[in-house]
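Read through the structure below, which is laid out as structure tokens, and then see the notes.
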Amino acid sequence: MSHKVIVPIGPYHPLQEEPEFFQLYVEGEKVVDIDIIIGYNHRGIEKLSESKHFDQVAFLVERICGICSSSHPYAYVLAVEEILGGEARIVPERALYIRTIVNELERIHSHLLWLGLAGHFIGYNTVWMWAWRYREPILDCFEMITGNRQSYAMFKVGGIRRDIKEEDIPILKKTLDELIPAVDMFKGAVMDDPVIQARLKGIGILTKKQAIDWCVVGPTARASGINIDVRKDDPYGVYGRVDWNVIIEKEGDIFAKTVVRILELYESIHIIRQSLDKMPKGEIDANVKDVPPGEGIGRVEAPRGECFHYIRSDGTNRPIRHKIRAPSYMNVASNKVAAVGGTISDATITLAAVDPCYCCTERVAVINKPDNKQIMNGWDLIKLSQEKTKKLQELYNAGPQ
């Protein structure tokens with residue numbers, strides 16, 4: 001008779017840079033079920049947004065995820081601009097191109113980061129070192145045009161905060177030209193390596209039907225044969241004005257997810273080069289002063305998939321409701337099926353294959369106390385936290401008993 005054993009991964013684990021709890025149920029080495037518990041990183045971003053004026057919120061949502069620190073502010077400003085009449089009508093032409101360039105530079109550095117970590121997780125540290133080595137010039141480009149290597153502070157309602165200088169354009173093009181041979185190298189090293197294929201092919205399979213049922217997004221969905229990409233389906237910036245392809249694989253395994261991200265690097269380079277060539281001169285900011293009452297949504301294709309922001313305004317200088325759905329919130333749940341059926345060692349890399357950002361999945365569990373009837377609001381939770389802190393302080397002051 002088989003015996004089911006629980007194997008916990010997290011909330012703190014060497015494979016995870018952030019806390020998340022995956023409880024594996026295994027029979028021998030085979031994973032037969034998995035429980036996914038999120039909510040270890042709740043920071044109250046949506047509630048904090050209601051206390052900031054519209055310009056401040058863009059800086060706040062950058063901190064949701066350091067790797068997607070243009071995707072969240074971009075989705076946010078799109079939501080506000082929908083209330084104002086839409087990005088295409090409000091934002092100056094040059095700013096549309098700069099937004100697209102920044103968004104694609106972020107995709108390149110995010111995919112290279114993921115590729116390096118993927119190599120590290122399977123013991124292929126050469127890929128890790130080389131991927132991160134070629135990611136550095138992209139971060140240098142960010143520093144050159146925004147002043148920051150992370151949290152770029154570029155997006156604002158109605159435009160962009162900093163222009164791209166003419167003397168910086170040749171440097172950007174040179175960096176992209178030098179990146180192409182590196183991507184060729186990764187394509188050969190990863191896609192043609194029999195050891196890599198043996199380790200990743202047929203592992204962590206998410207079928208097309210399962211991907212649809214679990215509503216996955218981004219490279220996770222495209223690796224399962226789903227032709228979905230916000231940049232094509234609902235174009236923003238200048239994605240509708242440049243030539244590029246959606247990368248789709250059908251196998252749905254970890255190898256397919258790797259292939260999609262590597263090939264998307266070529267597309268991002270192509271998009272940026274076209275944007276630099278077509279970018280007109282002119283203003284970069286519409287100088288928006290007020291936001292009228294209304295509601296709007298913003299959708300951006302982040303490196304991990306669709307990033308969604310909803311904003312409601314009552315005509316004051318602050319949003320009265322801000323709802324955020326990050327791509328990892330959708331993709332992490334798919335491990336409920338992708339990780340089942342494999343071994344424990346396969347499960348660890350399957351969990352990482354969706355490129356999870358656990359702080360993006362922040363949610364808070366509201367506890368009904370003491371008799372499961374009292375609904376605790378925000379102030380009740382703050383009071384509960386203060387009471388617990390006070391008790392801990394009293395225990396500390398009392399010393400050892």
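The values are calculated or read from the model by the stated rules, or taken from the named source; none is laboratory data. None of the values given here were measured: they were computed from a predicted structure. Don't worry about glycine lacking a Cβ; one is built from the backbone with ideal geometry, like all the others, and counts go over all protein chains shown.
The residues listed here are ILE6, ILE83; of these, the one that is outside the structural domain of PHE308 (by TED's automatic domain parsing) and β-branched (Val, Ile, Thr) is ILE6. The requirement of being under 26 Å from TRP130 (Cβ atoms), out of contact with any Ser or Thr (no Cβ under 7 Å at 6 or more places or on another chain), surrounded by 22 or more Cβ atoms within 10 Å (Cβ to Cβ) and not hydrophobic (A, V, I, L, M, F, W, C) is satisfied by SER268.
Kindly indicate whether any position in the stretch 330-340 is without any contact (Cβ under 8 Å) to a residue 60 or more places away in the chain and of a type in the set (Lys, Arg).
no
Of everything in the stretch 126-138 that is at pLDDT 90 or above and surrounded by fewer than 16 Cβ atoms within 10 Å (Cβ to Cβ), the residue that is farthest from ILE67 (Cα to Cα) is MET129.
Restrict the check to the stretch 178-199 and report whether at least one residue is closer than 30 Å to ILE90 by Cα and in a helix (DSSP H, G or I). Among the residues of the stretch 178-199, not one is closer than 30 Å to ILE90 by Cα and in a helix (DSSP H, G or I), which makes the answer no. When TYR329 is tested against (1) surrounded by fewer than 24 Cβ atoms within 10 Å (Cβ to Cβ); (2) touching a Phe, Trp or Tyr at 6+ places or on another chain (Cβ under 6 Å), exactly one condition is not met: (2).
Residues that are in a helix (DSSP H, G or I) and within 22 Å of ALA211 (Cβ to Cβ) within the stretch 315-344 comprise PRO327, SER328, TYR329, MET330, ASN331, VAL332, ALA333, SER334, ASN335, LYS336, VAL337, ALA338, listed in sequence order. Annotation: of all residues in the stretch 206-233 being over 18 Å from the mean Cα position of the chain (by Cα) and assigned to a loop (DSSP other than H, G, I, E, B), the one that is surrounded by the fewest Cβ atoms within 10 Å (Cβ to Cβ) is ASN227. Can you pull out the residues in the stretch 13-34 that are without any contact (Cβ under 8 Å) to a residue 40 or more places away in the chain and either farther than 16 Å from PHE121 by Cα or in a strand (DSSP E or B) (or both)? Scanning the stretch 13-34 gives HIS13, PHE21, GLN23, TYR25, GLU27, GLY28. With the requirement that a residue be over 26 Å from ARG133 (Cβ atoms) and crowded, with 20+ Cβ neighbours inside 10 Å, what does the stretch 157-185 give you? Answer for the stretch 157-185, where residues must be over 26 Å from ARG133 (Cβ atoms) and crowded, with 20+ Cβ neighbours inside 10 Å: VAL157, GLY158, GLY159, ILE160.
The criterion of at least 3 residues that are surrounded by 23 or more Cβ atoms within 10 Å (Cβ to Cβ) is met by the following helices (runs of 4 or more DSSP H) wholly inside the stretch 41-124: 54-62, 71-84, 93-121.
Of the residues making up the stretch 298-325, those that are closer than 18 Å to TYR239 by Cα and touching a helix residue (DSSP H, G or I) at 6+ places or on another chain (Cβ under 6 Å) are GLY298, ARG299, VAL300, GLU301, ALA302, PRO303, ARG304, GLY305, GLU306, CYS307. Here VAL260 meets each of (1) touching a Phe, Trp or Tyr at 6+ places or on another chain (Cβ under 9 Å); (2) surrounded by fewer than 22 Cβ atoms within 10 Å (Cβ to Cβ); (3) within 20 Å of PHE186 (Cα to Cα) with one exception, condition (1).
Taken over the stretch 288-314, the residue count meeting the criterion of being within 25 Å of SER110 (Cβ to Cβ), in a strand (DSSP E or B) and of a type outside the set (A, V, I, L, M) is 9. Would you mention how many residues in the stretch 295-321 are surrounded by fewer than 24 Cβ atoms within 10 Å (Cβ to Cβ) and either among the aliphatic types (A, V, I, L, M) or touching a Ser or Thr at 6+ places or on another chain (Cβ under 6 Å) (or both)? Number of matching residues: 2. Within the stretch 320-360, the residues that satisfy the criterion of being assigned by TED's automatic domain parsing to the domain that holds GLU251, under 16 Å from the mean Cα position of the chain (by Cα) and of a type in the set (A, V, I, L, M, F, W, C) are ILE324, ALA326, MET330, VAL332, ALA333. Kindly evaluate VAL7 against the criterion of being at pLDDT 90 or above and assigned to a strand (DSSP E or B). No: the conditions fail for VAL7. Looking across the stretch 26-39 at every residue that is of a type outside the set (Asp, Glu), closer than 16 Å to ALA333 by Cα and surrounded by fewer than 17 Cβ atoms within 10 Å (Cβ to Cβ), the one that is modelled with the lowest pLDDT is identified as GLY39.
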